[in-house]
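Enquirer: Structure in structure tokens, see below.
The values are calculated or read from the model by the stated rules, or taken from the named source; none is laboratory data. Remember, it's a predicted structure, so these values are computed and weren't measured experimentally. All Cβ positions, even for glycine, are placed from backbone atoms using ideal geometry, and neighbour counts span all protein chains on display. Side chains are part of the model used for accessible areas, which takes the heavy atoms of the whole protein and leaves out ligands, DNA and RNA. Shrake-Rupley method; radii C 1.70, N 1.55, O 1.52, S 1.80 Å.
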Amino acid sequence: MKTKAVRLYGEKDLRLEEFELPAIAENEILAKIVSDSICMSSYKAASQGTKHKRIPNDVANDPIIIGHEFCGEIVEVGGRWTDRFNAGDKFSIQPAINYADGPVGILSAPGYSYRFIGGDSQYVVIPAEVMEQECLLPFNGEAYYHGSLAEPMSCIVGGFHANYHTTPGSYVHSMGIVEGGAMALLAGVGPMGLGAIDYAIHCDRKPGLLVVTDIDTARLERAASIYTVEEAKKNGVELIYVNTAEEGKGVDYLKSLTPKGEGFNDVFVYAPVRPVIEQADKLLAFDGCLNFFAGPTNPEFSAEFNFYNVHYAATHVVGTSGGNTDDMIESLQMMEAGKLNPSTMVTHVGGLDAVIETTLNLPNIPGGKKLVYNNVSMPLVALNELKNMEGELFQGLAELVEKANGLWSPEAERFLLENAPAI
């Protein structure tokens, strides 16, 4: 079967090509990819080429397909898997398959290391190890982009699970956030921060107090219009948005919002900015856990941390850079049940022909997630710019986005898939 895909040949050498996929073996699966969310990790892989630990050394001759946040539909199932999977099934994939015998060993992952599977392709051959590692995940949600965003959402879920707390006199760590406790999300209204607000309000283990900070009033107001104080209250969470750039809204004020002014049990940092990290440290209550979620690009990045409090107040720090398969399954199940809406992460949409330019310029494109649909031809367009584009497709999408409070939606996805030109 022929497919069009974006393949990596070396540093910043991405090519949109059509080529023949091999026939599947009895332990493989053929699948159609409908949507892919472009991740900063793909930018890093494309920029570094073979210097990247997940990229094979021979991509100049045997290029790999990029993209790892994808969702699609099974087309054909090899005999080994017919008792578990069927043609027509929707799926998402956990790319961190942890398979030691992959092309680059344990770091091998779809979207980085494989010739015939990656998110930015119309069709892929799913190798046996994905199923063997339980990483081909059924998805029954109404929209493909929900499945694409399950991977970044799982990173948020994983962060909540990775936090830990202690009991004086015991060496046992209690994993997860403090249920009913005080939580702060610093720089928390970017795409991942918005997902964290959604999860904090709707997960099974909620904080009692959730304080979300940023220094951009417009972004805070936008977040507050999506995740309202009233909605949080219905779910048992007191939600407060704070612009810390305003006078008098620093550490003392933020701590005053917590019970007895003692500080926060869990603090998440969603921007790799030294002053934000140092502010987070000062906000911690006794046994408080600081989760440094946002990954820096500078390998020498550092910040001060109060070790007096580490010793006497049991404060501690963790860092998470991804979710595991259980986190991804939880994300998918919550989306299917309508408890999570990852639409808030999406700020741009486009077609397969927009992938190369978008990937190579990702740090310079503002906003959140860039979502592409692999079987259509469409430039990358910001959702708030759709109304300024000419043509029935863009105007129709603009109306649906406006109807959904400025967000991408299952209805918009269906309209795009039915009306956008094929690539």
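Enquirer: If the viscosity is 0.890 mPa s and the temperature 25 °C, what Stokes-Einstein diffusion coefficient in µm²/s follows for the range 245-288 when Rh is the Kirkwood radius over Cα pairs?
Expert: 227 µm²/s
Enquirer: Counting only Cα, what are the radius of gyration and maximum Cα-Cα distance Dmax of the range 289-412, in Å?
Expert: Here Rg and the maximum Cα pair distance are 19.7, 64 Å.
Enquirer: Two decimals, Cα atoms only, Kirkwood Rh: what is Rg/Rh over the range 159-252?
Expert: Details: Rg = 14.2 Å, Rh = 14.0 Å.
That ratio is 1.01, to two decimals.
Enquirer: Cα to Cα, under 25 Å, and not fewer than 8 places away if on the same chain: which lysines meet these conditions relative to residue 339?
Expert: Hits, sequence-local ones excluded: 90, 206, 233, 234, 369, 370, 403.
Enquirer: I've got another one for you. So if we plug the beta-carbon distance of residue 333 and residue 58 into 1/(1 + (r/R0)^6) with R0 = 51 Å, what FRET efficiency do we get, rounded to 0.05?
Expert: On the way: r = 39 Å, r/R0 = 0.76.
In this case the efficiency is close to 0.85.
Enquirer: Still on this model: According to the square roots a ≥ b ≥ c of the eigenvalues of the Cα gyration tensor, what is the shape class of the range 55-106, taking rounded for a/c under 1.5, prolate for a/b larger than b/c otherwise, and oblate for the remainder?
Expert: Numbers: a/c = 2.10, a/b = 1.83, b/c = 1.14.
Verdict is prolate for the range 55-106.
Enquirer: Would you mind estimating how fast the range 198-269 diffuses translationally, via Stokes-Einstein at 37 °C and 0.692 mPa s with the Kirkwood radius over Cα pairs, in µm²/s? Before the final figure, lay out each step's value.
Expert: On the way: Rh = 12.9 Å.
Answer from the Stokes-Einstein relation: 255 µm²/s.
Enquirer: By how many degrees, 0 to 90 and rounded to 10, does the Cα axis of helix 217-226 deviate from the longest principal axis of the chain?
Expert: 70 degrees
Enquirer: In whole Å and largest first, what semi-axes does the C-alpha gyration tensor of the range 1-85 yield when each eigenvalue is scaled by 5 and square-rooted?
Expert: Over the Cα atoms of the range 1-85, the ellipsoid semi-axes are 26, 14, 13 Å.
Enquirer: Can you pull the accessible area of residue 115 for me, 1.4 Å probe, Å² to the nearest 10?
Expert: 110 Å²
Enquirer: Give the value in nm², to one decimal: projected area of the alpha carbon convex hull of the range 40-168, averaged over all directions. Could the numbers behind the result be given before it?
Expert: On the way: hull surface 41.8 nm².
With every direction weighted equally, the projected area is 10.5 nm².
Enquirer: Sticking with this structure for a sec: Can you tell me what share of the DSSP beta bridges in the chain is antiparallel? A percent to the nearest 5 is fine.
Expert: Details: 38 of 66 bridges.
Of the beta bridges lying entirely in the chain, close to 60 percent run antiparallel.
Enquirer: Another one. I'd like to check one number: the per residue accessible area of the range 303-368, probe 1.4 Å, reported in Å² as a whole number. Intermediate values should be presented prior to the final figure.
Expert: Numbers: 3120 Å² over 66 residues.
I get 47 Å² per residue for this part.
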